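Visitor: This is the structure I have questions about; it appears just below.
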Amino acid sequence: MAESEAETPSTPGEFESKYFEFHGVRLPPFCRGKMEEIANFPVRPSDVWIVTYPKSGTSLLQEVVYVVSQGADPDEIGLMNIDEQLPVLEYPQPGLDIIKELTSPRLIKSHLPYRFLPSDLHNGDSKVIYMARNPKDLVVSYYQFHRSLRTMSYRGTFQEFCRRFMNDKLGYGSWFEHVQEFWEHRMDSNVLFLKYEDMHRDLVTMVEQLARFLGVSCDKAQLEALSEHCHQLVDQCCNAEALPVGRVVIFAYLHGVERQLGTEVLKYPSEAISAEGETLNG
Ligand SMILES: Nc1ncnc2c1ncn2[C@@H]1O[C@H](COP(=O)(O)O)[C@@H](OP(=O)(O)O)[C@H]1O
Ligand SMILES: CCc1ccc(OS(=O)(=O)O)cc1
């Protein structure tokens, strides 16, 4: 048995009690008491913010953004602790006071919904890169993550977890609202809306988009070098073995996603469903 499981036999009730509601959104315990300070957090024009719903490929995106903005190569990134340089706004460590004092240009991550982010971001005062990931893979990843947590590990079944996902009962609230809200701001001049799947499908275009958005001027050869570096980062990872048994269950639940998102937004629901349909039939 994994150490985390032995130490934390949380019941569903215990799991529930650790979260709290903020303006109708379920947030993890470490956000408690700091949401007002976050709303008033001073933002700088040189900041770059990376915002995602958890398990949307945040770590990969931060590395890609670091490569594009700093011209770093993957070996350099491998040697540094990049998480220390790109803090998560609402996490206990390093905390808001430290993040406020970081030297510019700051790269800051957050999983908070658009409306809870510092209000200066809503005024367009610094750049925000948002990345969405398709829900069928995200929910598997989020489930595995919750099971591995030391202090509040999840002990329910995957099916129950999917139900929580569909009913907006997970930390950081509704995936649907999270994505939808940013989608509505995708044309704001300070917002770049990306999809995780495009990193795998067409990384070169994404690197170009990022370079343009971040104001990094580079010629064709430099762009190719950056793209090559980013390819190495993408290739370095991927837990392709992730819980294959769960995928069929998600297929059933995602019919609800389609209803909630309506016809316009994104292509995730229908993509997800048809992809699973092929798997099921094949
Ligand atoms: N190079 C990379 N580094 C880190 N995570 C990567 C990655 N490429 C893909 N990922 C995926 O990003 C997900 C984690 O997202 P986040 O960084 O937001 O927590 C994981 O999904 P899986 O759990 O489906 O494998 C992980 O495999
Ligand atoms: C348990 C609450 C929690 C903590 C951290 C999260 O983000 S991430 O998966 O580490 O990026 C999400 C939920």
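The values are calculated or read from the model by the stated rules, or taken from the named source; none is laboratory data. Note that the structure is a prediction, hence the values are computed from the model and not measured. Cβ placement follows ideal geometry from the backbone for every residue including glycine, while neighbour counts extend to all protein chains displayed.
Visitor: Quick one: in region 101-145, of everything that is in a helix (DSSP H, G or I) and among the β-branched types (V, I, T), which residue is nearest to Q180 (Cα to Cα)?
Guide: Here is the first cut: in region 101-145, the residues in a helix (DSSP H, G or I) are 101, 114-116, 119-122, 135-145.
Restricting the remaining residues to those that are among the β-branched types (V, I, T) gives 139-140.
Details: V139: 17, V140: 20 Å.
The residue in question is V139.
Visitor: So T151 clears everything in (1) over 21 Å from P29 (Cβ atoms); (2) within 11 Å of ligand 2 (Cβ to nearest atom) except one condition, right? Which one?
Guide: With respect to (1) over 21 Å from P29 (Cβ atoms); (2) within 11 Å of ligand 2 (Cβ to nearest atom), T151 is out only on (1).
Visitor: Take the residues of region 157-184 that are surrounded by fewer than 17 Cβ atoms within 10 Å (Cβ to Cβ) and over 18 Å from the mean Cα position of the chain (by Cα): which is farthest from ligand 1 (Cβ to nearest atom)? Break it down into steps so the answer makes sense when it comes.
Guide: Taking region 157-184 and keeping what is surrounded by fewer than 17 Cβ atoms within 10 Å (Cβ to Cβ), we get 157, 159-160, 163, 167, 169, 181, 184.
Adding the requirement that they be over 18 Å from the mean Cα position of the chain (by Cα) leaves 157, 159-160, 163, 167.
Numbers: T157: 18, Q159: 18, E160: 19, R163: 20, N167: 22 Å.
Residue satisfying both the conditions and the ranking: N167.
Visitor: I'd like the residue in region 166-203 that is part of a loop (DSSP other than H, G, I, E, B) and closer than 24 Å to G156 by Cα and, out of all such residues, is modelled with the lowest pLDDT. Explain how you work it out, then say what you get.
Guide: Initial filter on region 166-203 (part of a loop (DSSP other than H, G, I, E, B)): 167-174, 185-190, 202.
If we keep only those that are closer than 24 Å to G156 by Cα too, we end up with 167-174.
Working: N167: 82, D168: 86, K169: 89, L170: 92, G171: 94, Y172: 97, G173: 94, S174: 90.
By that ranking, first place goes to N167.
Visitor: When the residues of region 30-73 are filtered to those that are among the polar types (S, T, N, Q) and more than 16 Å from A211 (Cα to Cα), which remaining residue is surrounded by the fewest Cβ atoms within 10 Å (Cβ to Cβ)?
Guide: First, the residues of region 30-73 that are among the polar types (S, T, N, Q): 40, 46, 52, 56, 58-59, 62, 69-70.
Remaining after also requiring more than 16 Å from A211 (Cα to Cα): 40, 52, 56, 58-59.
Working: N40: 10, T52: 26, S56: 27, T58: 21, S59: 17.
Among them, the one singled out is N40.
Visitor: Could you list, in sequence order, the residues of region 208-219 that are over 18 Å from the mean Cα position of the chain (by Cα), part of a helix (DSSP H, G or I) and closer than 13 Å to G71 by Cβ?
Guide: Within region 208-219, A211, L214 meet the criteria.
Visitor: Given K127, K109, which one is in contact with a Ser or Thr (Cβ under 8 Å, 6 or more places away or on another chain), within 23 Å of G57 (Cα to Cα), touching a residue at least 12 places away in the same chain (Cβ under 8 Å) and among the basic types (K, R)? I'd like the intermediate steps shown before the answer.
Guide: On the way: K127 fails: in contact with a Ser or Thr (Cβ under 8 Å, 6 or more places away or on another chain).
Exactly one residue qualifies, and that residue is K109.
Visitor: Under the condition of being among the hydrophobic types (A, V, I, L, M, F, W, C) and either within 14 Å of the chain's Cα centre (by Cα) or loosely packed, with under 14 Cβ neighbours inside 10 Å (or both), which residue from region 194-206 is nearest to ligand 1 (Cβ to nearest atom)? Please lay out each step first, then the result.
Guide: Taking region 194-206 first, the residues among the hydrophobic types (A, V, I, L, M, F, W, C) are 194, 199, 203-204, 206.
Narrowing the set further to residues that are either within 14 Å of the chain's Cα centre (by Cα) or loosely packed, with under 14 Cβ neighbours inside 10 Å (or both) leaves 194, 199.
Numbers: L194: 13, M199: 8 Å.
Per the criteria, the residue is M199.
Visitor: OK, next. Got a sec? Which of V191, V140 is under 21 Å from V64 (Cβ atoms) and surrounded by 16 or more Cβ atoms within 10 Å (Cβ to Cβ)?
Guide: Numbers: V140 fails: under 21 Å from V64 (Cβ atoms).
Answer to the selection: V191.
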